[in-house]
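The values are calculated or read from the model by the stated rules, or taken from the named source; none is laboratory data. Remember, it's a predicted structure, so these values are computed and weren't measured experimentally. With ideal geometry, Cβ positions are generated from the backbone for all residues, glycine too; neighbour counts draw on all protein chains shown. The accessibility values were calculated without ligands, DNA or RNA, using every heavy atom of the protein model including side chains. Shrake-Rupley method; radii C 1.70, N 1.55, O 1.52, S 1.80 Å.
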Amino acid sequence: MADGTPAAPARLVATGLSKRYGAVQALADVDFDLRPGEVVALLGENGAGKSTLVKVLSGLVTPDTGTITMDGEPVNISSSARSQAAGIAVVQQEYSTVGALSVAENLVLGKANSPFLWTRGRLRAEAQALLGEVGLGHIDPSTKVEELSVAEMQLLEVARVLAREARVVIFDEPTAALSDAETEKVLAVVRGLAAKGISIVYVTHRLPEVFAIADRVSIFRNGRSLPSVAIGDIDVAGIIQMMLGRTLETMYPERRPVEGDERLVLRDVVISGLSAPVSLSARRGEILGLTGQLGSGADLVVKALASETPILGGVVEVDGSPLKAKDRSKGLADGITYCSPDRKRSGIFAGLSIVRNLSSSWLSSVATAGTVSTRRERSAAEALASAFAIDSKRLGSSVGKLSGGNQQKVALAKWLGNNPTLFLVEEPTRGVDVGARSDIYAKLRGLCEQGMTVVVSSSDTNEIHGLCDTIATFYHGEMVGVGPADDWTEDALVAAVMNRSEK
Ligand SMILES: Nc1ncnc2c1ncn2[C@@H]1O[C@H](COP(=O)(O)OP(=O)(O)OP(=O)(O)O)[C@@H](O)[C@H]1O
Ligand SMILES: [Mg+2]
């Protein structure tokens, strides 16, 4: 539905919403509206207040001021049960699935008509159908959720809302860890819901998606809402300007020929989960990128190097010495660090302060005779915070209170804090806004110019294409190509990871 359709009555109107957390004004007099069957993209920098609005609409957060109406009637959505009863369904940014339960149980959890009366067969059949719709048809509904990958959990969250009968469906960054193929499925789900007249709020930092589905964009800046704009009246540069309050000249740092010595060599390495051995290498100063769609195995090379996945054969050398398989609990070899894609599993400690999170991987180096110098810890953390666009005024607050993208910045900064020679990272900018992303790319490139090597796996082909010196592509458990980034166009790269011939 195009913007400005006359007489389309509003489905949802929020007026004058405010929410303060201590010194942080997360929402400041926000207005937001949504019409039937309309897709509104909700955009803004990390910490702008998007998820706070989503949480207000889902009944998880009570605003300090403001009113909400649905189809013209004031609604009370002060609890998640009330929000659901009002017809609002939400795909949260941080997963709300319960790890110890099965996929099927999670899909029907919280459904209005009691699933407890269902037979196992019915549960299974319903779950299988929902999984199929989001491209998870290969997953057995009895699988425990904690066994799923980050991308699979994101798709499961999307499947969960399909099980609800809703008038408004809110997606908070549903594709942050998905590749183009899975993203297409999510976008198809969104279009299908909108075509049925369901109204959609879609939060994302991946701007191309906005143009693929949104009718209108609503941009937040520092907790304030800017007047919304019809999609036909704005372009990417315009969105970035509204989000950041400035233009962004270049997203990716310039690539220069990498001439350092060979740092990492994989020769016929057999990795659990990949169907063919892998041979790859990366020099000092090089960024090696691995990409592919869900289940392609692109992430497994990084996981294997990080001792998260077994290496079954072949040779891995780092700076000329064989890399020994390590017991995970003993940590990685000196100079190697790994940043996991799953913040909840191993990236960061939500209950600890930003300072302590930033220093936790290198505390021993600021400790003298076993005692930590708070001053040294803080000054080291401040330096990292400024390099990664983390708000230095908030170093003492706990990481769990930061917005999703800001948590990701802390996770990255933490692992780069001990100056690794080899940095292994999956999905480095998951949920990070465009401005901070360009800072992070510049930082990674800067560290490489000082001799660091990066091996990065990412589902974001644009990121892999723009950032890396060498690119390896994966499909169905096999490496299918490797070569200098300059040999790829972005379209060819997308085609390669989807195993389509380029048109
Ligand atoms: N429970 C909380 N306690 C303190 N501050 C909070 C809490 N929840 C959110 N905030 C703060 O409110 C602000 C808005 O956060 P919000 O999660 O809405 O941002 P966002 O726009 O979703 O960002 P992102 O793109 O990173 O997900 C941030 O400064 C955040 O740190
Ligand atoms: Mg958020």
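Select, from 159, 188, 163, 177, the only residue that is modelled with pLDDT under 85, more than 16 Å from ligand 2 (Cβ to nearest atom) and not assigned by TED's automatic domain parsing to the domain that holds residue 295.
Just a single option satisfies the conditions, and that option is 163.
Given (1) open to solvent by 20 Å² or more (accessible area, probe 1.4 Å); (2) assigned to a loop (DSSP other than H, G, I, E, B); (3) under 20 Å from residue 103 (Cα atoms), identify the lone condition not met by residue 197.
Unmet for residue 197, out of (1) open to solvent by 20 Å² or more (accessible area, probe 1.4 Å); (2) assigned to a loop (DSSP other than H, G, I, E, B); (3) under 20 Å from residue 103 (Cα atoms): (3).
For the range 415-433, which positions are more than 8 Å from ligand 1 (Cβ to nearest atom) and at pLDDT 90 or above?
420, 421, 422, 423, 424, 425, 426, 427, 428, 429
Using the structure shown, decide if residue 267 is farther than 22 Å from residue 31 by Cβ, part of a strand (DSSP E or B) and away from ligand 1 (no atom under 16 Å from the Cβ).
Taking the combined requirement at face value, the residue satisfies it.
Restricting to the range 478-503, count the residues that are under 23 Å from the mean Cα position of the chain (by Cα) and either open to solvent by 10 Å² or more (accessible area, probe 1.4 Å) or modelled with pLDDT of 95 or more (or both).
6
Considering only the range 386-403, I want to know if a residue exists there that is of a type in the set (Gly, Ala, Ser), outside any loop (DSSP other than H, G, I, E, B), in contact with a helix residue (DSSP H, G or I) (Cβ under 9 Å, 6 or more places away or on another chain) and over 28 Å from residue 457 (Cβ atoms).
Within the range 386-403, one or more residues are of a type in the set (Gly, Ala, Ser), outside any loop (DSSP other than H, G, I, E, B), in contact with a helix residue (DSSP H, G or I) (Cβ under 9 Å, 6 or more places away or on another chain) and over 28 Å from residue 457 (Cβ atoms).
With respect to residue 377, is the statement that it is open to solvent by less than 10 Å² (accessible area, probe 1.4 Å) and more than 22 Å from the chain's Cα centre (by Cα) true? Quick ask: steps written out before the conclusion?
Working: open to solvent by less than 10 Å² (accessible area, probe 1.4 Å): yes; more than 22 Å from the chain's Cα centre (by Cα): yes.
For residue 377, the condition - open to solvent by less than 10 Å² (accessible area, probe 1.4 Å) and more than 22 Å from the chain's Cα centre (by Cα) - is met.
Here are 207, 155: which of them is within 16 Å of ligand 1 (Cβ to nearest atom), more than 19 Å from residue 37 (Cα to Cα) and among the aliphatic types (A, V, I, L, M)?
207
Name the one entry in 224, 206 that is at pLDDT 95 or above, surrounded by 15 or more Cβ atoms within 10 Å (Cβ to Cβ) and under 25 Å from the mean Cα position of the chain (by Cα).
224
Report every pair of residues separated by at least 6 positions or lying on different chains whose Cβ atoms are under 6 Å apart, first residue within the range 149-177 and more than 19 Å from residue 126 (Cα to Cα) and open to solvent by 10 Å² or more (accessible area, probe 1.4 Å), second charged (D, E, K, R) and not in a loop (DSSP other than H, G, I, E, B).
none
How about the range 394-437: which of its residues are among the aliphatic types (A, V, I, L, M), open to solvent by less than 10 Å² (accessible area, probe 1.4 Å) and farther than 23 Å from residue 468 by Cβ?
Residues satisfying the conditions are 395, 399, 410.
Here is a list: 103, 40. Which entry is away from ligand 2 (no atom under 15 Å from the Cβ), touching a residue at least 60 places away in the same chain (Cβ under 8 Å) and under 25 Å from the mean Cα position of the chain (by Cα)? Break it down stepwise before answering.
Numbers: 103 fails: touching a residue at least 60 places away in the same chain (Cβ under 8 Å).
Checking each option against the conditions leaves just 40.
Within 16 Å of ligand 1 (Cβ to nearest atom), closer than 22 Å to residue 50 by Cβ and at pLDDT 90 or above: which single residue out of 172, 215, 235 fits that description?
Answer to the check: 172.
Out of all the residues in the range 6-60, which are of a type in the set (Val, Ile, Thr) and either touching a Pro at 6+ places or on another chain (Cβ under 9 Å) or within 11 Å of ligand 1 (Cβ to nearest atom) (or both)? It would help to see each step written out before you state the result.
First pass over the range 6-60, keeping only residues of a type in the set (Val, Ile, Thr): 13, 15, 24, 30, 39-40, 52, 54, 56.
Hits for the range 6-60 are 24, 30, 52, 54, 56.
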